[in-house]
Amino acid sequence: MSLLELQKELKKFNQASKLTAAVQDVDQLIEFLVNARDEVASANDPHTTSLTLTKLQNPVSAQLDAINSDLGKVHKSQNAFHKALSRSLKETKGTLPTDHDPMASQTALINRAIAMHLLREGQFGVASTFIGEAQPQSETSPSPEETRRPPSITISRPDTPPDAMITDADIPSDLTAFQSQALQEKFAGMYSILTSLKQRDLYPAIGWARENSTELEARGSNLEFELCKLQFIWLFKGPQVNGLPATEKNGVEGALKYGQENFKRFQDRHLREIQKLSCAIVFSPNLADSPYCHIFDISLAFEEVASSFTREFCSLLGLSAESPLYVAVTAGALALPNLVKYTSINRAKNTEWTTQNELAFETPLPKSMLYHSIFVCPVSRGQTTDANPPIILPCGHVLARESLQKLAKGIRYKCPYCPSEGVVKDAKEIIL
């Protein structure tokens with residue numbers, strides 16, 4: 001069974017395993033019993049009591065049958081998904097070796113990834129509980145004051161200025177550091193803006209992009225313009241689509257006024273797109289048949305801009321756009337069947353896996369998870385490794401660290417591919 005088929009079975013299971021109907025039937029049964037009790041209590045007559053209990057038998061029996069039927073459907077859906085999952089696991093035809101667990105000594109790293117994932121998802125209460133339970137029991141218990149005020153993250157690198165951004169590399173492995181108020185506030189801000197985007201409110205995201213415009217422009221990001229462009233189109237759609245009050249700040253007039261106030265600063269980089277948006281106003285009575293109809297198709301625009309916002313927000317924090325835990329678990333689940341199959345074949349042939357730093361087969365991953373992790377140094381002609389990573393020079397050329405060290409005379413070097421010279425400490429390690 002393929003992953004797609006298993007996901008379909010999981011979707012069916014989620015739809016059929018809900019207990020809503022059973023809860024409603026239980027509530028109705030309780031209502032019958034409460035009404036009967038009140039009727040008996042108010043009448044205070046043995047004849048009325050007997051008649052009430054007699055009338056109650058059929059409704060109670062019917063409700064119990066309905067509850068059993070509801071629970072039976074849930075049980076049936078559980079069995080169906082269990083069978084589908086069993087078939088999927090049986091198709092792997094093998095088991096993984098158990099003589100070596102490479103993650104056995106990486107408990108702190110795993111806990112750190114889980115804590116970061118919970119914080120990125122805005123689950124601060126769950127993250128706090130997890131961090132507290134994951135701490136070794138031998139650690140000194142914090143004082144009540146420390147419990148009320150989470151400890152702050154300290155920047156561990158000596159060359160980092162005090163006001164630098166918090167990056168993933170700066171976050172220490174100590175789980176208590178994840179209770180930092182500063183870190184939680186950053187993710188809380190991201191979560192709040194994403195919630196506003198889901199509600200078609202672009203102003204919080206535009207405000208954030210404007211506050212960080214310098215950093216975004218340095219990265220070559222167009223996020224601020226894309227947000228303003230979408231706000232222009234959203235206003236252009238008018239009250240019948242956007243649901244905003246029918247005022248002079250809405251509709252075509254509101255969009256034109258918004259563009260005049262906000263598009264000036266983008267003319268150098270996005271003049272062509274601004275011209276198209278302005279010309280579309282002429283076709284507003286019949287926009288669907290105009291040359292600009294595709295620009296105003298925003299069926300997926302809010303989802304795309306939310307994804308772009310998340311990517312840029314995390315990039316400014318020095319984090320990846322996707323949760324590392326999510327990527328690792330998803331990639332591992334996709335790679336597991338091939339790994340099991342390869343292991344089974346090797347056992348059958350009495351052969352061993354001789355590669356140490358790479359897989360002996362290709363893993364079928366989606367394009368979003370494909371990364372070019374191999375770099376061959378143009379100077380040494382050798383492939384970079386974890387001990388000899390690629391280094392980017394200020395001029396933009398990339399070498400292996402060992403090659404740069406050999407080229408350097410003292411603390412200075414000359415780029416082998418351009419006339420630029422520089423200091424070794426200005427070169428930065430990169431991950432391709």
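The values are calculated or read from the model by the stated rules, or taken from the named source; none is laboratory data. None of these values were measured; they are calculated from a predicted model. We place every Cβ from the backbone using ideal geometry, glycine too, and count neighbours over all the protein chains shown. Remember, those area values only see protein heavy atoms, side chains included, never the ligands or the DNA or RNA. Shrake-Rupley method; radii C 1.70, N 1.55, O 1.52, S 1.80 Å.
Just the residues that are in a helix (DSSP H, G or I), under 30 Å from the mean Cα position of the chain (by Cα) and under 17 Å from TYR203 (Cβ atoms), please, taken from the range 238-265.
If the condition is that a residue be in a helix (DSSP H, G or I), under 30 Å from the mean Cα position of the chain (by Cα) and under 17 Å from TYR203 (Cβ atoms), then ASN242 is the only one that fits.
Just give me the residues in the range 8-28 being in contact (Cβ under 8 Å) with a residue 12 or more places away in the chain and more than 13 Å from SER77 (Cβ to Cβ), in sequence order.
ASP25, VAL26, GLN28, listed by residue number.
From the residues in the range 1-41 that are of a type in the set (Ser, Thr, Tyr) and open to solvent by less than 70 Å² (accessible area, probe 1.4 Å), which one is nearest to the chain's Cα centre (by Cα)?
Here the residue is SER2.
Identify, by number, the condition in (1) over 18 Å from GLU303 (Cβ atoms); (2) touching a residue at least 60 places away in the same chain (Cβ under 8 Å); (3) surrounded by fewer than 20 Cβ atoms within 10 Å (Cβ to Cβ) that VAL252 doesn't meet.
Evaluating VAL252 over (1) over 18 Å from GLU303 (Cβ atoms); (2) touching a residue at least 60 places away in the same chain (Cβ under 8 Å); (3) surrounded by fewer than 20 Cβ atoms within 10 Å (Cβ to Cβ) leaves (2) as the failure.
So, in the range 323-358, exactly how many residues are within 25 Å of THR107 (Cβ to Cβ), out of contact with any helix residue (DSSP H, G or I) (no Cβ under 8 Å at 6 or more places or on another chain), open to solvent by 70 Å² or more (accessible area, probe 1.4 Å) and modelled with pLDDT of 75 or more?
Number of matching residues: 2.
Quick check, is LYS276 assigned to a helix (DSSP H, G or I), touching a residue at least 12 places away in the same chain (Cβ under 8 Å) and either open to solvent by 70 Å² or more (accessible area, probe 1.4 Å) or of a type in the set (Val, Ile, Thr) (or both)?
yes
Do we find that TYR417 is open to solvent by 90 Å² or more (accessible area, probe 1.4 Å) and of a type in the set (Phe, Trp, Tyr) in this structure?
For TYR417, the condition - open to solvent by 90 Å² or more (accessible area, probe 1.4 Å) and of a type in the set (Phe, Trp, Tyr) - is met.
Within the range 196-206, count every residue that is free of Cβ contacts under 8 Å to residues at least 12 places away in the same chain and either loosely packed, with under 13 Cβ neighbours inside 10 Å or more than 25 Å from PHE296 (Cβ to Cβ) (or both).
Counting residues in the range 196-206 that are free of Cβ contacts under 8 Å to residues at least 12 places away in the same chain and either loosely packed, with under 13 Cβ neighbours inside 10 Å or more than 25 Å from PHE296 (Cβ to Cβ) (or both) gives 1.
Do you know which residues across the range 202-229 are over 16 Å from ARG311 (Cβ atoms) and in a helix (DSSP H, G or I)?
If the condition is that a residue be over 16 Å from ARG311 (Cβ atoms) and in a helix (DSSP H, G or I), then TYR203, PRO204, ILE206, GLY207, ARG210, GLU211, SER213, THR214, CYS228, LYS229 are the ones that fit.
Could you please tell me which pairs satisfy a Cβ distance under 7 Å, a separation of 6+ or placement on different chains, a first residue in the range 380-402 that is surrounded by fewer than 14 Cβ atoms within 10 Å (Cβ to Cβ), and a second residue that is of a type in the set (Asp, Glu)?
Close Cβ pairs satisfying both conditions: PRO394/ASP426.
Counting only residues that are at pLDDT 80 or above and β-branched (Val, Ile, Thr), give me the helices (runs of 4 or more DSSP H) lying completely in the range 55-167 with at least 2 of them.
107-120, 124-134
Of all residues in the range 365-379 being assigned to a loop (DSSP other than H, G, I, E, B) and at pLDDT 75 or above, which is least open to solvent (accessible area, probe 1.4 Å)?
Ranking the qualifying residues of the range 365-379, first place goes to CYS377.
Could you check how many residues of the range 217-239 are surrounded by fewer than 18 Cβ atoms within 10 Å (Cβ to Cβ) and of a type in the set (Gly, Ala, Ser)?
Going through the range 217-239 one residue at a time, the tally reaches 2.
Of all the residues that make up the range 399-432, how many are touching a Ser or Thr at 6+ places or on another chain (Cβ under 8 Å) and among the small types (Gly, Ala, Ser)?
2
For the condition β-branched (Val, Ile, Thr) and part of a loop (DSSP other than H, G, I, E, B), what is the one hit in ILE431, ILE391?
ILE431
Just checking, does the range 175-183 include any residue being open to solvent by 70 Å² or more (accessible area, probe 1.4 Å), under 27 Å from GLN123 (Cα atoms) and at pLDDT below 85?
yes
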